[in-house]
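K.L.:
Here's a structure for you.
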Amino acid sequence: MSGRNNLRAVASVLGGVPASRIDAVLDLVGLRARQKDRVRTYSLGMKQRLGVAIALLQDPDLLILDEPANGLDPAGIVEMRDLMHRLTAEGKTVFISSHLLTEVQQICTRVSIINLGELVKVSTIEDLISGHGEFVVTLERAQEALALVKAQPWGKDARLDARGALVTTAPGNRGRDLNLFLVDAGLAPETIAQSTQDLEQVFLELTNSGTGEIQ
């Protein structure tokens with residue numbers, strides 16, 4: 001049975017979806033060229049996209065997907081990620097349940113973190129991974145710079161990360177002021193960038209590294 005016939009069979013059960021809608025959905029999920037091939041010849045990623053196509057037949061405003069990238073190879077993950085972006089570009093809301101936090105970070109705009117059945121956090125991805133006003137500074141004589149910054153009222157929590165870069169807030173919360181401060185002290189930075197975390201780090205912090213104890 002072809003992918004097209006599978007969609008037609010489902011469409012019939014749902015009350016008859018127009019052929020034009022079936023073709024539009026096949027185009028959206030990137031299966032039009034393979035619509036006459038037997039489903040057993042599909043890759044896992046194609047089967048996942050066929051499942052999404054079936055869910056889209058009646059043109060819902062909200063699509064709920066459980067682990068849409070589960071078991072996919074890197075190419076399949078990219079294809080699924082691109083499909084999610086196409087759906088949201090069409091104005092649809094896509095609700096994803098997933099443990100693949102790297103993919104969640106690249107696909108989603110908002111995230112809810114649940115730990116042991118309890119809602120821990122609801123926020124935008126941007127707010128969750130922001131460095132809370134901190135900057136990462138690479139420079140020579142990092143230890144000297146750290147001691148100098150920690151002596152300032154705005155830099156008491158400064159530290160060196162695993163790569164030896166200085167991580168600190170800035171005077172006035174502005175990177176250019178931090179740069180000027182270090183340059184005036186004879187410690188010119190090589191680079192200054194706003195600090196960010198990945199979603200996996202945030203998740204582990206909020207759930208106390210998987211122990212189940214909420215921070």
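K.L.:
(1) among the aliphatic types (A, V, I, L, M); (2) touching a residue at least 12 places away in the same chain (Cβ under 8 Å); (3) not in a strand (DSSP E or B): which one isn't true of VAL167, the others all being true?
P.N.:
(3)
K.L.:
I'd like the full set of residues that are charged (D, E, K, R) and buried (at least 19 other Cβ atoms within 10 Å of the Cβ), limited to the range 29-72.
P.N.:
If the condition is that a residue be charged (D, E, K, R) and buried (at least 19 other Cβ atoms within 10 Å of the Cβ), then ARG34, ARG49 are the ones that fit.
K.L.:
Something else about it: Has the range 100-113 got any residue that is part of a helix (DSSP H, G or I), in contact with an Asp or Glu (Cβ under 6 Å, 6 or more places away or on another chain) and surrounded by 15 or more Cβ atoms within 10 Å (Cβ to Cβ)?
P.N.:
yes
K.L.:
Here's something else I'd like to know. Is the range 139-152 home to any residue that is acidic (Asp, Glu) and assigned by TED's automatic domain parsing to the domain that holds VAL183?
P.N.:
Yes.
K.L.:
Right, next: Just one of THR102, THR109 is in contact (Cβ under 8 Å) with a residue 40 or more places away in the chain and closer than 30 Å to GLN201 by Cβ; which is it?
P.N.:
Testing whether each residue is in contact (Cβ under 8 Å) with a residue 40 or more places away in the chain and closer than 30 Å to GLN201 by Cβ leaves just THR102.
K.L.:
While we're on this one: Can you tell me which residue among ASP157, ASP184 is more than 18 Å from ILE129 (Cβ to Cβ), at pLDDT 95 or above and of a type in the set (Asp, Glu)?
P.N.:
Just one listed residue meets the conditions, ASP184.
K.L.:
Still on this structure, I have one more. Since ILE96 meets every condition but one in (1) touching a residue at least 40 places away in the same chain (Cβ under 8 Å); (2) within 14 Å of the chain's Cα centre (by Cα); (3) more than 21 Å from THR196 (Cβ to Cβ), which condition does it not meet?
P.N.:
Only one criterion is unmet by ILE96, namely (1).
K.L.:
Is it the case that some residue within the range 41-60 is on the phi > 0 side of the Ramachandran plot and part of a loop (DSSP other than H, G, I, E, B)?
P.N.:
Yes: the range 41-60 contains one or more residues that are on the phi > 0 side of the Ramachandran plot and part of a loop (DSSP other than H, G, I, E, B).
K.L.:
Looking only at the range 170-184, how many residues end up being in a loop (DSSP other than H, G, I, E, B) and in contact with a strand residue (DSSP E or B) (Cβ under 9 Å, 6 or more places away or on another chain)?
P.N.:
1
K.L.:
Which number in (1) surrounded by fewer than 18 Cβ atoms within 10 Å (Cβ to Cβ); (2) not in a helix (DSSP H, G or I) marks the one condition that LEU187 misses?
P.N.:
The failed condition is (1).
The values are calculated or read from the model by the stated rules, or taken from the named source; none is laboratory data. Note that the coordinates shown come from a computational prediction; the quantities given were computed from them, not determined experimentally. Please note: Cβ atoms are built from the backbone with ideal geometry, for glycine as well, and neighbour counts cover all protein chains shown.
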